[in-house]
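The values are calculated or read from the model by the stated rules, or taken from the named source; none is laboratory data. It should be emphasised that the depicted structure is a prediction, and the values quoted were computed from it without experimental measurement. As a convention, Cβ positions derive from the backbone with ideal geometry for all residues, glycine included, and neighbour counts pool all protein chains shown. Note: areas computed on protein heavy atoms with side chains; ligands, DNA, RNA excluded. Shrake-Rupley method; radii C 1.70, N 1.55, O 1.52, S 1.80 Å.
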Amino acid sequence: MASPELSPKRTYPSGKKSLVVKFYATLPPGLEDVAAQEVEELGGKVEEIRQGKGRIFFSGDKDIIPTINHLSRTLERLNLLLFRCSVETLDDIYREVKGLDFNFIKGKSFAVRSLRVGKHDFTSMDIARVAGQAVIDSFMESHGERLRVNLSEPDVILRVELVEDELFVGVDTTGDDAMHKRWWRVYNHPAHLNAAIACGMIRLAEWKVNESLIDPMCGSGTIPIEAALMARNAPNKRGFAYQKFCKKDFEWEERNVRLKLFGIEKFRKHLEGALKNAENAGVFDTITFMQGDATEMSGEYDVIITNPPYGLRIHRKGAIERLYRKFTKAVRRCMNQDSKLVVITTEYRVLARAAEEAGLQCTHERFVKYGGLLTKVMVFKV
């Protein structure tokens with residue numbers, strides 16, 4: 001069955017018919033411009049960026065659905081946009097959803113996944129209930145059949161999301177597991193970095209494949225592994241929701257490149273986990289992992305990217321300050337005039353002071369929401 005045609009606009013470039021549809025994608029808030037650039041590189045045309053809200057809107061040929069799901073490094077979920085409008089009440093939501101054509105679900109099961117952001121006198125569960133009934137009633141009126149609901153393993157996932165007074169209705173092409181849940185991860189560090197954020201940091205560092213890159217507090221290896229996969233154009237090898245309603249084959253060309261990637265981890269348990277993750281990802285051959293202390297690192301590197309401990313993991317404020325001072329001094333010794341250091345932390349004021357003392361200059365900074373934490377990504381040069 002073909003994917004949903006969402007009020008498509010037909011264009012005819014070079015005499016060839018192409019179906020252009022609307023999409024919206026979600027991602028870690030704070031990295032919208034980085035993700036938008038990636039979407040453009042993958043064939044989408046960005047039309048709106050909700051800065052700080054973790055959403056971008058774009059258009060493109062429906063054939064980019066597999067490409068973005070498998071090759072995007074910075075997005076978390078890709079949705080086909082059916083409809084958007086302003087609403088106030090549950091009755092409004094029912095009416096707007098019921099007015100849509102759900103012919104594309106014929107013969108399929110469906111489920112509604114809802115989200116509510118803002119102050120309302122109803123819950124996200126209320127939205128899911130009302131929207132689900134609207135879908136069933138709409139299909140019953142137009143086709144005389146009752147659609148099948150399957151909450152655990154639906155063929156089609158409908159996203160009905162209310163952000164303040166704006167309603168978004170879409171078809172989830174990614175699935176319940178967001179893109180940042182990578183297929184290669186067989187070992188989980190207790191505080192591993194979201195892979196989408198890790199890739200956003202790599203892009204902010206403007207790392208090139210001929211440059212050396214090290215994560216001196218690598219944990220389970222997320223940053224060097226993602227750098228290797230990015231350089232090799234390796235796809236996210238897992239199942240996606242689009243495969244249940246879109247038969248388009250995914251095609252890509254993987255690059256066979258050798259890279260100068262390194263990871264240092266203090267604890268043997270996590271180091272062994274990083275080695276297992278790298279092996280599962282197929283990039284074991286191009287990353288050198290070492291057991292050691294980041295505050296005693298040596299050598300010279302073009303790009304240094306890391307996710308150091310925050311106050312949540314080290315409860316004594318003084319311990320964080322001492323760690324950051326020792327770390328930035330060690331990093332400074334390993335940097336040349338063109339090197340870059342990229343760090344994500346909740347303790348950004350402490351980091352800024354330590355970096356300044358070490359002779360590092362902050363050239364870029366931005367807030368990034370990571371789960372329930374407001375972190376800051378900071379880029380430093382000598």
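Evaluate the charge dipole of region 74-230 about its Cα centre and quote only its size in Debye, nearest 20, assuming +1 on the Cβ of each Lys and Arg and -1 on the Cβ of each Asp and Glu.
Approximately 480 debye in magnitude.
Would you work out which of THR222, SER212, PHE240 lies farthest towards the positive end of the dipole of region 202-259, given +1 charges on the beta-carbon of Lys and Arg and -1 on that of Asp and Glu, about the Cα centre?
Result: PHE240, furthest along the dipole toward the positive end.
Among the lysines, which fall within straight-line cross-link reach of LYS369, defined as a Cα-Cα distance under 19 Å, with same-chain neighbours fewer than 8 residues apart omitted?
LYS53, LYS181
From the P(r) of region 131-268, can you give the percent of Cα pairs sitting at distances over 21 Å?
Everything past 21 Å amounts to 59 percent.
When the Karplus curve 6.51 cos²θ - 1.76 cosθ + 1.60 is applied with θ = phi - 60°, which whole-Hz ³J(HN,Hα) does each residue of region 93-99 get, with x for Gly and Pro?
4, 4, 5, 5, 5, 4, x
Given N residues in region 297-382, what is its alpha carbon radius of gyration divided by 2.2 N^0.38 Å?
1.03
For region 24-173, what does the convex hull of the Cα positions come to per residue, in cubic angstrom?
Per-residue hull volume (Cα only) is 110 Å³.
Please report, as a whole percent, how much of the solvent-accessible surface of the chain comes from carbon and sulfur atoms (probe radius 1.4 Å).
Accessible surface attributable to carbon and sulfur in the chain totals 47 percent.
Using only the C-alpha atoms of region 239-367, find the volume of their convex hull and express it per residue in Å³. All intermediate terms of the calculation are to be shown ahead of the outcome.
On the way: hull volume 23.5 nm³, N = 129.
Roughly 183 Å³ of hull volume per residue.
Run down the lysines and flag those whose C-alpha is under 23 Å from the C-alpha of LYS108, throwing out any fewer than 8 positions away in its chain.
LYS22, LYS62, LYS98, LYS244, LYS247, LYS248
Along the charge dipole of the chain, which of THR295, HIS189, VAL117 sits closest to the positive end, that is, farthest toward it, with unit charges on the beta carbon of Lys, Arg, Asp and Glu (+1, +1, -1, -1)?
THR295
For a quick check of your reading of the filter: which GluC sites (Glu not before Pro) in region 98-191 sit in a DSSP loop and have no more than 13 other Cβ atoms within 10 Å?
Passing sites in region 98-191 are GLU145, GLU164.
Give me the Å³ per residue figure for the convex hull around the C-alpha atoms of region 217-290.
89 Å³
What accessible area per residue, rounded to a whole number of Å², is obtained for region 109-266 using a probe radius of 1.4 Å?
43 Å²
Going highest first, how would you order 226-237, 40-51, 287-298 by mean Cβ packing within 10 Å?
226-237, 287-298, 40-51
Which percent, to the nearest 5, of DSSP beta bridges fully inside the chain are antiparallel?
Here the share of antiparallel DSSP bridges comes out near 65 percent.
With an 8 Å cut-off on Cα pairs and a minimum separation of 6 or more residues, tell me the relative contact order of the chain in percent.
It comes to 14 percent, rounded to a whole number.
Give me the Kirkwood hydrodynamic radius of the chain, using the inverse of the mean 1/r over all pairs of distinct Cα atoms, in Å to one decimal.
The answer is 22.4 Å.
So, in Å, what gap is there between the alpha-carbon centers of region 151-195 and region 336-373?
Cα centroid to Cα centroid, the span is 29 Å.
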